[in-house]
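Everything below concerns the one structure shown next.
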Amino acid sequence: MEGLGQTSPKPDDSSEQSSPKAEAAYNFWSEDIRNPDYGTARSITPGGVAPRAVCIYYDKDKGFLTGSDIGDVGLADRGDANVLVNVDHIRPSTQDQTRFTNLDGGSLRIDLQQSTPMPSLTERLAWTAIAAFLPENKKLPPLKDMTFDPGTTWGKLTSVNFPKGGGTWTWNFFLQHRKSRWMQLFDTICSSRGVLLPILGLGFPAIAVTALYTVDKIVAGLTKDANTDWLFQSSDTYIYATKEARDSFEGSKMRLKQGMYVIIPNAHVPSFSRQQAGLIIKDGLIVPANTSSLNVIEAAQQTIPDVTYITVGVTARVRPSLK
């Protein structure tokens with residue numbers, strides 16, 4: 001890797017920084033996040049495996065579907081895809097909500113990368129959006145406020161262009177038990193803007209992939225000095241919006257289809273599977289099918305309380321490829 005990849009300091013031999021937990025966190029951000037085969041590395045929780053992000057598509061007729069069950073009906077043969085991604089709601093499980101009482105903050109980081117460069121460029125582009133959670137008195141914001149629009153951090157570049165309809169995305173949500181330099185950075189941003197926000201967005205739109213690696217190194221360096229825990233983590237996952245992109249990639253992949261996706265930790269999948277019958281997504285939250293609009297927030301707090309999830313709205317439009 002380039003940029004800071006050659007010079008970023010690794011955890012030293014003192015205190016928390018030399019622990020397996022800190023070392024694994026540093027290695028994930030600096031290397032493993034860009035490895036599509038990552039998933040067997042040891043967790044930053046000693047003796048275990050870090051929770052992995054699982055992506056599920058919500059079909060209004062068929063219910064909740066894993067990637068292999070989405071199907072390719074209506075999939076365009078070829079073309080470039082314009083994609084908008086919006087985090088509709090973040091709903092931690094009851095257990096994960098209690099974890100925040102011992103934390104100084106957390107961050108949700110979303111990365112999207114092109115798999116093919118645009119015709120006028122020699123290098124692929126990437127979009128990064130980060131939501132920093134700055135809980136007041138170590139309490140999360142109300143559920144209705146647990147939303148995040150990555151596009152707002154990208155200014156006028158709110159949509160992501162995938163030439164030939166293919167790319168990758170990652171979803172990583174980490175928590176910190178100590179106010180690291182990472183969380184201090186967001187405190188500084190808030191202070192400079194004169195605002196007090198429970199969720200602060202920071203974005204890097206349309207940067208070269210080599211610059212994305214530099215962002216990875218910065219995150220690794222700024223978070224390594226705190227006790228980091230995970231709601232879930234993921235490395236690059238291939239997504240496609242055309243048959244051409246689907247057929248060009250060998251390995252695990254997911255169709256990028258207009259609609260709602262749900263991101264949950266893999267450890268919560270069995271419980272979600274047992275309880276998902278009769279549930280729908282309404283106003284960005286998972287609730288029983290007969291829930292009225294007036295009761296969505298209350299119902300969402302009581303529905304699948306042992307499952308942490310993020311609902312994600314995706315708009316994907318395919319247009320003819322530029323020649």
Do we have residue 202 as in a strand (DSSP E or B) and crowded, with 21+ Cβ neighbours inside 10 Å here?
no
Output for Cβ contacts, cut-off 7 Å, separation at least six or different chains, first residue crowded, with 16+ Cβ neighbours inside 10 Å in region 294-308, second in a helix (DSSP H, G or I) and aromatic (Phe, Trp, Tyr), reads 304/272; 307/272
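Results for (1) under 30 Å from residue 288 (Cα atoms); (2) crowded, with 18+ Cβ neighbours inside 10 Å, shown as yes or no for each residue.
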position	(1), (2)
67	yes, no
79	no, yes
96	yes, yes
99	yes, no
104	no, yes
108	yes, yes
115	no, yes
118	no, no
121	no, no
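With the structure loaded, tell me whether residue 63 is surrounded by 15 or more Cβ atoms within 10 Å (Cβ to Cβ) and at positive phi or whether it fails that test. Explain how you work it out, then say what you get.
Working: surrounded by 15 or more Cβ atoms within 10 Å (Cβ to Cβ): yes; at positive phi: yes.
Considered against the rule, which asks whether it is surrounded by 15 or more Cβ atoms within 10 Å (Cβ to Cβ) and at positive phi, residue 63 comes out as yes.
Can residue 265 be described as closer than 30 Å to residue 26 by Cα and within 18 Å of the chain's Cα centre (by Cα)?
Taking the combined requirement at face value, the residue satisfies it.
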List every residue pair whose Cβ atoms lie under 6 Å apart, where the two residues are 6 or more positions apart in sequence or sit on different chains, the first residue falls within region 240-258 and is among the polar types (S, T, N, Q), and the second residue, located anywhere, is part of a loop (DSSP other than H, G, I, E, B).
242/78; 242/79
Which of the numbered conditions does residue 96 fail, given that it passes all the others? Conditions: (1) free of Cβ contacts under 8 Å to residues at least 60 places away in the same chain; (2) closer than 13 Å to residue 308 by Cα.
(1)
Restricting region 166-182 to residues that are more than 30 Å from residue 299 (Cβ to Cβ), modelled with pLDDT of 80 or more and not β-branched (Val, Ile, Thr), the one farthest from the chain's Cα centre (by Cα) turns out to be 166
Determine whether region 241-248 contains at least one residue that is touching an Asp or Glu at 6+ places or on another chain (Cβ under 6 Å) and within 22 Å of residue 169 (Cα to Cα).
yes
Scan region 225-274 residue by residue and report those that are aromatic (Phe, Trp, Tyr) and surrounded by fewer than 20 Cβ atoms within 10 Å (Cβ to Cβ).
249
Can you pull out the residues in region 1-39 that are at pLDDT below 75, of a type in the set (D, E, K, R) and either surrounded by 17 or more Cβ atoms within 10 Å (Cβ to Cβ) or farther than 16 Å from residue 126 by Cβ (or both)?
10, 12, 13, 16, 21
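The values are calculated or read from the model by the stated rules, or taken from the named source; none is laboratory data. What you see is a predicted model; the values in this text were computed from it and never measured. As a convention, Cβ positions derive from the backbone with ideal geometry for all residues, glycine included, and neighbour counts pool all protein chains shown.
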